[in-house]
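Heads up: the structure comes next, in structure tokens.
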Amino acid sequence: MSERGEGMQNSGEGEGVRGFAKACFAEVRYNARLSKRNLIFDAAVLFACFLLFEGNNLVLKPLSLSFAQSDVVGYLVQCHLNDCIGGVAFLAYVNLLLDLVKPDVRFRKLAPSLIFIFCCGLFWEVAAPAFVPGSTGDVLDMVAYMVGAAAYVALNRVSGTRDTEPMNS
């Protein structure tokens with residue numbers, strides 16, 4: 001019997017919540033071993049996104065303010081670069097979570113990634129402003145999220161992690 005099955009069988013039938021928690025942790029540990037390369041990739045991408053986000057806020061945005069207001073690059077840095085970085089980070093975060101609970105389900109291809117981010121963007125840019133005070137929607141933010149999603153898929157392809165399949169038990 002596989003390691004996964006043993007963990008599920010021996011982890012607490014009749015132990016209630018404690019048994020359930022043991023079974024869940026055994027499953028996550030098993031999935032983490034299967035998805036090690038993907039987990040490392042997604043964690044590295046999230047860390048890089050954090051650095052880029054902070055670099056944009058601390059360096060690029062103040063630097064771009066010194067340029068003319070009509071400068072397209074300055075506008076994109078001020079208004080949409082963090083949204084693009086957010087598109088990359090959100091897919092990395094979702095894939096990291098998926099790797100822990102269902103490693104064979106992962107955003108690898110461009111079309112599903114763009115559809116997913118588009119649906120998330122609809123919520124963030126259309127639904128949320130309807131009930132979050134001070135929130136405004138922006139179609140260009142949705143475009144930036146989708147550009148970020150495309151960048152994530154490209155990074156995933158370049159890294160070679162997209163082809164990683166779960167090991168056979």
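Could you pull out the residue among LEU58, LEU100 that is hydrophobic (A, V, I, L, M, F, W, C) and within 14 Å of the chain's Cα centre (by Cα)? It would help to see each step written out before you state the result.
Working: LEU58 fails: within 14 Å of the chain's Cα centre (by Cα).
None of the other options fit; the residue is LEU100.
Hey, among the residues in region 33-75 that are in a loop (DSSP other than H, G, I, E, B) and over 20 Å from ASP138 (Cα atoms), which one's most open to solvent (accessible area, probe 1.4 Å)? Talk me through it step by step, then tell me what you get.
So the first thing to find is which residues in region 33-75 are in a loop (DSSP other than H, G, I, E, B), and the list is 35, 66-71.
Narrowing the set further to residues that are over 20 Å from ASP138 (Cα atoms) leaves 35, 66-68.
On the way: SER35: 3, SER66: 89, PHE67: 112, ALA68: 66 Å².
Filtering first and then ranking leaves PHE67.
Looking at VAL105, VAL94, can you tell me which residue is closer than 20 Å to VAL45 by Cβ and either at pLDDT below 90 or not in a helix (DSSP H, G or I) (or both)?
On the way: VAL94 fails: either at pLDDT below 90 or not in a helix (DSSP H, G or I) (or both).
Of the residues listed, the single one that is closer than 20 Å to VAL45 by Cβ and either at pLDDT below 90 or not in a helix (DSSP H, G or I) (or both) is VAL105.
With respect to ARG157, determine if the residue is modelled with pLDDT under 90 and within 30 Å of GLU27 (Cα to Cα). Full working, then the answer.
Numbers: modelled with pLDDT under 90: no; within 30 Å of GLU27 (Cα to Cα): yes.
Taking the combined requirement at face value, the residue does not satisfy it.
Given the options VAL139, VAL147, VAL153, VAL101, name the one that is without any contact (Cβ under 8 Å) to a residue 24 or more places away in the chain and either among the β-branched types (Val, Ile, Thr) or at positive phi (or both).
On the way: VAL147 fails: without any contact (Cβ under 8 Å) to a residue 24 or more places away in the chain; VAL153 fails: without any contact (Cβ under 8 Å) to a residue 24 or more places away in the chain; VAL101 fails: without any contact (Cβ under 8 Å) to a residue 24 or more places away in the chain.
Being without any contact (Cβ under 8 Å) to a residue 24 or more places away in the chain and either among the β-branched types (Val, Ile, Thr) or at positive phi (or both) holds for just one of VAL139, VAL147, VAL153, VAL101, which is VAL139.
The values are calculated or read from the model by the stated rules, or taken from the named source; none is laboratory data. In this text, all values refer to a predicted model and were calculated from it rather than measured experimentally. Glycine gets a Cβ as well: all are built from the backbone with ideal geometry, and neighbour counts include every protein chain shown. Just the protein is used for accessible areas: all its heavy atoms, side chains included, with ligands, DNA and RNA removed. Shrake-Rupley method; radii C 1.70, N 1.55, O 1.52, S 1.80 Å.
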